[in-house]
Amino acid sequence: LVGLVLVIGLLVRLKLPAFVGLIIAAFGVGIATPAIAFRDVPAETAQAFGDVMVAIGIPILMAALIGKSLMDSGAAERIVRAFLQRTGDERSEFALLGSSYVLSIPVFVDNVFYLLAPLGRSMYARTGTKFTLYVSVLSAGALATHMLVPPTPGPLAMADELGVDLGLAILMGALVALPISLVAGIIYGRWIDHRMTIPLREAMGSTAEALREKASTTMDELPPLGEALLPIGLPVVLIASNTLVDALAPDQEALAAFTGFVGDPNVALTLAAAVAALTYFRMSAFSASAFSRELTEALKS
């Protein structure tokens, strides 16, 4: 209760920056918790922050670079047009739902969202409609398979704990996740889309104006589809390889060591960020120093 009151008061009422408000709220929770000595609250808070950064700090930073590069190189726009060629503008939400549903099986849901969020933004910049629906299908597709389908670590651990055949767990998890994602993504998404409007704000260093400009470019001015998809597909393949080797061939020490390195989210997303940045640099007219400043802006966000 103390934490909630502090967060709402500091962020909503006083409009402090989120980072500052949340850190103060964390101090408040520590002070109100008898299990932590008063003098230990600052150290415990700092330790917890450090633990979070160890777990997700590098992936989030690399995902910011990937998002910036996908958006401003035109790669996201190229992927969107490929999706829309198959679904049409009237069914574009199914393209995002299917992408998030499949990608979140081998990749953590937060990474999937960071990777695909630029596509939803680019679709909205292109179509001008259904942004709330796009956010819903991205979230629903990714969450459904992340929670239910091995080799995502959680379901994989549960299948092992319960002694369930892995192939059966994958099949049944996918079958259960499909209607869940359709209801939460498409049905709920369409319902909330009529009741909530989300503006296209600046994010990951890309402005709404830049997105709309990309949406009006010709196909010849955009990267090839394979190159555009590589920053998304590469970490999926690398992380999935690590998960699959751990599950199916843990006794292959040399292979497990290799996939354990390249399939670590920190490494996989760093490699993907490098690939995305190369495409961005190739498609832009920036000098090396100007390009560096552009990437720094993405990291700041």
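On the range 1-97, 72 percent of the accessible area sits on carbon and sulfur atoms, based on a 1.4 Å probe. Going by the alpha-carbon gyration tensor, a ≥ b ≥ c the square roots of its eigenvalues, is the range 39-177 rounded (a/c under 1.5) or, if a/c is not under 1.5, prolate (a/b greater than b/c) versus oblate? Since a/c reaches 1.5 but b/c is at least a/b, the shape of the range 39-177 is classed as oblate. With an a/c value of 1.5 or above and a/b larger than b/c for the gyration tensor axes a ≥ b ≥ c computed over the alpha-carbon atoms, the range 14-114 is described as prolate.
Springs between alpha-carbon atoms under 10 Å, Gaussian network over the chain: tell me which of Ile31, Ile60, Ile192 tops the mean-square fluctuations. Of Ile31, Ile60, Ile192, the Gaussian network model singles out Ile31 as fluctuating most. Of the residues Ala48, Ala169, Ala18, the one that moves most in a GNM of the chain with alpha-carbon contacts below 10 Å is Ala18. Given a 1.4 Å probe and the protein chains as shown, Thr217 ends up with an accessible area of around 30 Å².
Relative contact order, whole percent, for the chain stands at 23, derived from Cα pairs under 8 Å and 6 or more residues apart.
Annotation: per residue accessible area for the chain equals 52 Å², rounded to a whole number [probe 1.4 Å, protein chains only].
What shape does the chain take by its C-alpha gyration tensor, where a ≥ b ≥ c are the square roots of the eigenvalues and a/c under 1.5 counts as rounded, a/b above b/c as prolate, and the rest as oblate?
Numbers: a/c = 1.35, a/b = 1.12, b/c = 1.21.
Rounded, because the longest to shortest axis ratio a/c is under 1.5.
The values are calculated or read from the model by the stated rules, or taken from the named source; none is laboratory data. Quick caveat, the model's predicted, so the values are computed rather than measured. Side chains are part of the model used for accessible areas, which takes the heavy atoms of the whole protein and leaves out ligands, DNA and RNA. Shrake-Rupley method; radii C 1.70, N 1.55, O 1.52, S 1.80 Å.
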